[in-house]
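Enquirer: I am attaching a structure below and will ask some questions about it afterwards.
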Amino acid sequence: MSAVVVAATLPPYNQRSVLLLRRRNSTRSSLSLQETQKPPSGERELSSEPSASAPFPSLQAAKRVVLVRHGQSTWNKEGRIQGSSDFSVLTKKGESQAETSRYMLIDESFDVCFSSPLIRSRRTAEIIWGSREEEILTDSDLREIDLYSFQGLLKHEGKAKFGATYRQWQVDAPNFNIDSHYPVRELWARARNCWNKILAHESRSVLVVAHNAVNQALVATAIGTIFFLCFGFEFTLFYLYLPCVPIQLGLGTEYFRILLQSNCGVSVLDFTPRPEGGSPFICLNRLNQTPNSPVAAGSSGGRKTSKRIILVCHGTTQGDVEAGVPNAGDEPMNMLGIIQSQKTAELLLDQKVSSIVSSCKSSCLGTAMAISRVQEAADCLGADCVPRYVELKQVKDLDVDDILPQSSKDGNQGEVVQPGILNRFGDEVLSTLWDQSGNAWQFLLNELSDESNPEKIVVVVGHPAIHVALMSHCINLTKDWMPSFHLDAGSVSVLDFPDGPTGRGIIRCINYTAHLGRWSIPITRSAVDDEEFY
């Protein structure tokens, strides 16, 4: 008996990242699932090989889930390893962060709140939940990662006491073993269990308040796709198929510490029912929208970073307004777009931007010029100062107008519109976009590799579609994961490289728009046409 895999979404799942091809002869091949729990020695590289499990429960209506990490705790401040211990409480700063998150979400009419039972998370949930009458539901599976003997130690104490084990926790967390446990693997299993309970709840808009590691696991296990594993008996002249088993794909444990969750950072996932039932379409609408600036100095994955790419989506054009999505044509920004570009320039005011790389299109160049002008004047506080020169480069591979317009799916009435900027496009277009973005990504890595400047920040201005592709390249996904992400006009996404451009990329935030103020796309606005989450 052998296995045949049939993808259940459009575009079809790239089988190179899911399957091993076994050639039986020159005319026939069969497909089998790769092993996903192989513990290699040394540091694991990022891979788009999925973590396979049973599919999520089907939905009757669209559901939005907003994840929030708790505010700064006393043990966060001390640099103490918390894990699932319950001895730390929110600091005054943590309470203030939770209050800021409450205002960020003030317009959201949540139906229910799930919270970790740990004090620091529960208190954050109470602040955000405010005067709502509904009871906060606590769930033990939402507790922070269990770190056993590590818990309560200062980080330097953990290093001194556990040596190689602590080192493995730092560099190879998926295979980290302590007290006969694999904490990250256990966490991923818990996250899957959490999703089953959250999605089974009869609600349209859900608030989940938990912790850094568990929120990372929730995001990673959610985004992905579904395929069917079909078993059949192979005979000499024909193949007899048996019923297919649906399998849900998500990012594996090697993505721990790749999708950051800062104190009180907000992440948003949209779940849309499939017409045929079964596991829903899933889209990451935002990642780590923080109370403070996403470009402020800080660590990424526990390490300082000196190399960074900041993806800036161009400001709104009139075509965006008419189409309802960012337009790929060569149009100048409207007044809203001009304001958005200026707000983005102000957000980056304190960053020493090394270079700005832009698409050649009018809206992108207009946004890039606004950033450039502010950067060059940022250090001019006196009458005789010299403006700082910031090089602006135009890269044709960032243009998408020749790719997107000709390939939009026909909008049949009654068709379910999935969330995500690229779900309206077919596989051929995604392939073209992916290949072109690969060239652009290599250009950006070369730009970041300048050894003459150890602290390099490159700002990239382009269409949301090209930025989704660049993010996917950054964390070593394939083209078929691109519809799992959404970006809005005027948004900012931040990619950090603590090990330099040849090392792992870390996503600090996706689709950040808080800097736009009243000119932003609210967190609470649906990314699905004709669907409300209020």
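Enquirer: Find how many whole Å separate the alpha carbon centroid of the range 59-83 from the alpha carbon centroid of the range 167-213.
Expert: 12 Å
Enquirer: At a 1.4 Å probe radius, carbon and sulfur cover how many percent of the accessible area of the range 84-212? Before the final figure, lay out each step's value.
Expert: Numbers: 2850 of 5900 Å².
The C+S portion of the solvent-accessible surface of the range 84-212 is 48 percent.
Enquirer: Which GluC sites (Glu not before Pro) from the range 422-524 combine a DSSP loop assignment with at most 16 other Cβ atoms within 10 Å?
Expert: Listed in order of number, the matching sites are Glu451, Glu455.
Enquirer: Kindly flag which residue pairs out of Lys159/Lys307; Lys159/Lys197; Lys93/Lys343 have an alpha-carbon separation exceeding 31 Å in this structure. Intermediate results must be reported in sequence, preceding the final value.
Expert: Details: Lys159/Lys307 26 Å; Lys159/Lys197 37 Å; Lys93/Lys343 26 Å.
Violating the 31 Å Cα-Cα cut-off are Lys159/Lys197.
Enquirer: Just the number, please: Stokes-Einstein D of the range 170-229 in µm²/s, Kirkwood Rh from C-alpha pairs, 4 °C, 1.567 mPa s.
Expert: Details: Rh = 13.3 Å.
It diffuses with D of about 98 µm²/s by this estimate.
Enquirer: Tell me the net charge near Asp141. Cut-off is 12 Å between Cβ atoms, Asp141 excluded, with +1 for each Lys or Arg and -1 for each Asp or Glu. Walk me through the intermediate numbers first.
Expert: On the way: positive: Arg143, Arg190, Arg192, Lys197; negative: Asp139, Glu144, Asp146, Glu186.
Spelling it out: positives minus negatives among the neighbours equals 0.
Enquirer: Over the range 67-140, calculate the relative contact order: mean separation of alpha carbon pairs under 8 Å at least 6 apart, over the residue count, as a percent.
Expert: Details: 94 pairs, mean separation 24.8, N = 74.
Reported relative contact order: 34 percent.
The values are calculated or read from the model by the stated rules, or taken from the named source; none is laboratory data. Just so we're clear, the structure is a prediction, and the values are computed from it rather than from any experiment. With ideal geometry, Cβ positions are generated from the backbone for all residues, glycine too; neighbour counts draw on all protein chains shown. Only protein heavy atoms, including side chains, enter the accessible area calculation; ligands, DNA and RNA are left aside. Shrake-Rupley method; radii C 1.70, N 1.55, O 1.52, S 1.80 Å.
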